[in-house]
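The values are calculated or read from the model by the stated rules, or taken from the named source; none is laboratory data. This one's a predicted model, so the numbers in the text were calculated from it and none came from an experiment. Virtual Cβ from ideal backbone geometry, glycine too; neighbours counted across all protein chains shown. Accessible surface is based on the protein model in full, side chains and every heavy atom, while ligands, DNA and RNA are left aside. Shrake-Rupley method; radii C 1.70, N 1.55, O 1.52, S 1.80 Å.
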Amino acid sequence: MRCAILTRVSTEEQTCPDYNSLQTQREICEHYVEVRRDKGWVVADVYEDAGYSGKNLRRPGLQALLRDVRRGLVDVVLTYEIDRISRSLHDFHQFWSVLQAHDVVFVSATQAFDTSTPAGILMLNVLLSFAQYERELTVERTTAKMLARANKGLWNGGFVPLGYDYDAASQTLSPNRDEAKTIVAIFD
């Protein structure tokens, strides 16, 4: 069984040398394959998505994996957790339909389910529902926090807009008189 390991982290900070979540995910998956070596399991390839959100399937590692699935190079897709694929039910089902069309098994190294049974499919959908709920809850909390900061006059980050200076101590923007002239000229 040719196993493709897929790892993903959402932020660049998670790839730093001191603590590399990608490496941890990979090691756990490699151990999972090693335990099944007597059943013919081998690591065929490892696909990484460092610094990519699970909000969609537009990630280089995942797309390379899907190309190899379509080319018949993979028998098993193995991830640390199901949410390493996606936090969206719709997106996961798109991914899973490609696997099913090519008789590829999906396995999570840390979550026990068997997609060949009705109970396993139910468990898969329950896990996906919680992953999507977690993503939507995070978006809701982040939006609320940013709105609260803006209502307090605090800046939420990004590029400092033309016509303003950023004060890191107070976390606020203040008008830049020289650039304000340019803004007025543009407006006029």
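A quick yes/no check of all residues on (1) assigned to a helix (DSSP H, G or I); (2) among the hydrophobic types (A, V, I, L, M, F, W, C); (3) closer than 16 Å to Ile5 by Cβ:
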residue	(1), (2), (3)
Ala44	no, yes, yes
Ser53	no, no, no
Arg58	no, no, no
Val74	no, yes, yes
Phe95	yes, yes, yes
Ala119	yes, yes, no
Ser129	yes, no, no
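Mind counting the residues in region 145-166 that are open to solvent by less than 60 Å² (accessible area, probe 1.4 Å) and in a helix (DSSP H, G or I)?
Total satisfying the criteria: 3.
Only residues that are closer than 20 Å to Tyr47 by Cα, small (Gly, Ala, Ser) and touching an Asp or Glu at 6+ places or on another chain (Cβ under 9 Å): list them for region 73-129, please.
Across region 73-129, the qualifying residues are Ser108, Ala109.
Give just the number: which of (1) more than 30 Å from Val76 (Cβ to Cβ); (2) open to solvent by 50 Å² or more (accessible area, probe 1.4 Å); (3) of a type in the set (A, V, I, L, M, F, W, C) does Ala119 not satisfy?
Failed condition: (1).
Taking region 81-91, which residues are touching a Phe, Trp or Tyr at 6+ places or on another chain (Cβ under 9 Å) and closer than 23 Å to Asp103 by Cβ?
Once the filter is applied, which keeps residues that are touching a Phe, Trp or Tyr at 6+ places or on another chain (Cβ under 9 Å) and closer than 23 Å to Asp103 by Cβ, region 81-91 yields Ile82, Ile85, Ser86.
Could you tell me whether Ala131 is at pLDDT below 75, of a type outside the set (Phe, Trp, Tyr) and within 19 Å of the chain's Cα centre (by Cα)?
Details: at pLDDT below 75: yes; of a type outside the set (Phe, Trp, Tyr): yes; within 19 Å of the chain's Cα centre (by Cα): yes.
Yes; evaluated as a whole, the condition is true for this residue.
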